[in-house]
Amino acid sequence: MTKSSDLLLGTLDLLILKVLTLEPMHGWAIAQRIHQLSDEVLTVNQGALYPALHRLEHQAWIEASWGESENNRRAKYYRLTSAGRQRLKTEEKSWSRLSVGVQGVLKAIG
Amino acid sequence: MRTLQSLLRRTRSLFTREASNVALSEELQFHLEQATVDNMARGMPREAAEAAARQSFGSVAEAVESCYEARGVAWLEDLGHDFRYGLRTFAKHRSFATLTVLTLALGIGACTAFFSLFNAVLLRSLPYGDPERLVYLFTPNPQFHLPADIIGPSRADFLDLKNDSRSYADLTLFEQAMYNLSTGQQVQRAGVAKVDANFFNTPTSPCAPRFLRML
């Protein structure tokens, strides 16, 4: 696994946890929400989304249950757990530290 | 708590791998259908919409495999495979397997036996209150050709020792004997100890605490 995909993986976890604070959602909705909220800059690759969801579920940061979708189909809904909320706080902190650091370097060398 | 939950979940998905995978493909199927619906809303005909959805999704098999790995039980299943492979190999080479098991059993057995001895003789102290202060007195009598320490002092000798010696805080006498013990309908041969009145009061006596409880 390369460094850059490590970073992407961590970022995806952060984004998933963050959008799930809005409401429980299924995978498709999570991808759509991230796409919309990022002004269509970020497109979540499905091949990465579902492994990430399952990983987060097994870390007990999110919980899954089956429910009815908007168009009456069975869909798997993910919900943030309280451990997940804690995790989100730490991830947000480390992300802002990282982005401040990167911005600092970019600005310092005009 | 979280570790425990996570562990439970992993264990569960180990036993329900098939169910997990079925649920997963249903989940991925739902995603594909949503993408198709989305594409059709943008004006694509159904077939093109499905094809586009599938194309943008990439390999379903790969996603399933990645999810399986993300569930974090892959190593446990691999361990299971290795274990079964080991058993099959053993079944094929019976004599080798028997020899291996015997060697291990003997080795472990020998170690255990040696340790039990070592523990009893050297490590474990006597189960008395104050073992350093406890001594055993005996009166060797070469006429009997018996081990010297199995013959205790005679009662007269004991009373002399008790009255005249100043080296001991206290002295107590005991003698081993065999008696018939009757429980009404049954009679049993029982090993007993005849002791003097002081036996249960001697500070380091092994029987003191238990005897007091019985009273």
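Nothing in this text is a laboratory measurement; each read-out follows from the coordinates by a stated rule. Quick caveat: nothing in here was measured; it's all calculated off a predicted structure. Neighbour counts are summed over all protein chains in view; Cβ atoms, including those assigned to glycine, are modelled from backbone coordinates with ideal geometry.
Odds and ends about this structure:
- Placing a label point 7 Å from the Cα of A:W95 along the Cα-to-Cβ direction, none of the residues of the stretch B:38-82 has a backbone N under 17 Å of that point.
- Potential extension, B:N180-B:F118 segment - 0.36 nm per residue separation minus Cα distance: 18.7 nm
- By the Stokes-Einstein formula, at 1.567 mPa s and 4 °C, the stretch B:38-182 with its Kirkwood radius over alpha-carbon pairs has D equal to 51 µm²/s.
- Spin-label pair A:D39-B:E132: with each label point 7 Å from Cα along the Cα-Cβ axis, the two points sit 8.2 nm from one another.
- Cβ neighbours within 10 Å from other chains - mean over A:71-80: 3
- Using all pairs of distinct alpha-carbon atoms, the Kirkwood hydrodynamic radius of the stretch B:20-61 works out to 10.4 angstrom.
- Across the stretch B:58-199, the mean sequence separation of Cα contacts (distance under 8 Å, 6 or more residues apart), normalised by length, yields a relative contact order of 10 percent.
- Mean Cβ count within 10 Å, highest first, over the residues of peptides B:58-71, B:91-104: B:58-71, B:91-104
- Panel note: the C-alpha atoms of the protein assembly as shown, placed on their principal axes, show extents of 118, 59, 51 Å (largest first).
- Take the Cβ atoms of B:Y85 and B:Q55, set R0 to 45 Å, and the FRET efficiency comes out at 0.70.
- Projected-area average for chain A over all orientations - Cα convex hull basis, square nanometres: 8.1
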